[in-house]
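Please treat every number below as a calculation from the coordinates, not as lab data. Everything numeric in this text was worked out from a predicted model, so none of it was measured. So basically every Cβ, Gly included, is an ideal-geometry build from the backbone, and we count neighbours across all protein chains shown.
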Amino acid sequence: MTLIIYDIRNDKRRRKAVKLLESVGIRVQYSAFECTLTASSLKQITTKLKKILSAEDSLRIYSFNDNISITDIGQMPGLTELELSGYILI
């Protein structure tokens, strides 16, 4: 399972990102989508999102597979492609 959350400031970019995310996942909150993606699908979605977003936007992808990985795009503070093992995220 993959959780994608975002803060996209521009309406046009946000609509493009939402349209893409709605094609691969379920909106669980206003700015959060749950997706079931293969590794290659996740890579494709990430590439497409990077093309849509601006430097002022932020997006974080949590992948819950064998390991938990977190990928940041944009101004998201904190973690970048951090590998977590043995932690529970609440």
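Ranked by the mean number of other Cβ atoms within 10 Å of their residues, highest first, the peptides 35-48, 52-65 come out as 52-65, 35-48. The orientation-averaged projection of the convex hull spanning the C-alpha atoms of the range 2-84 amounts to 5.0 square nanometres. In the range 2-84, Cα pairs under 8 Å separated by at least six residues give a relative contact order of 31 percent.
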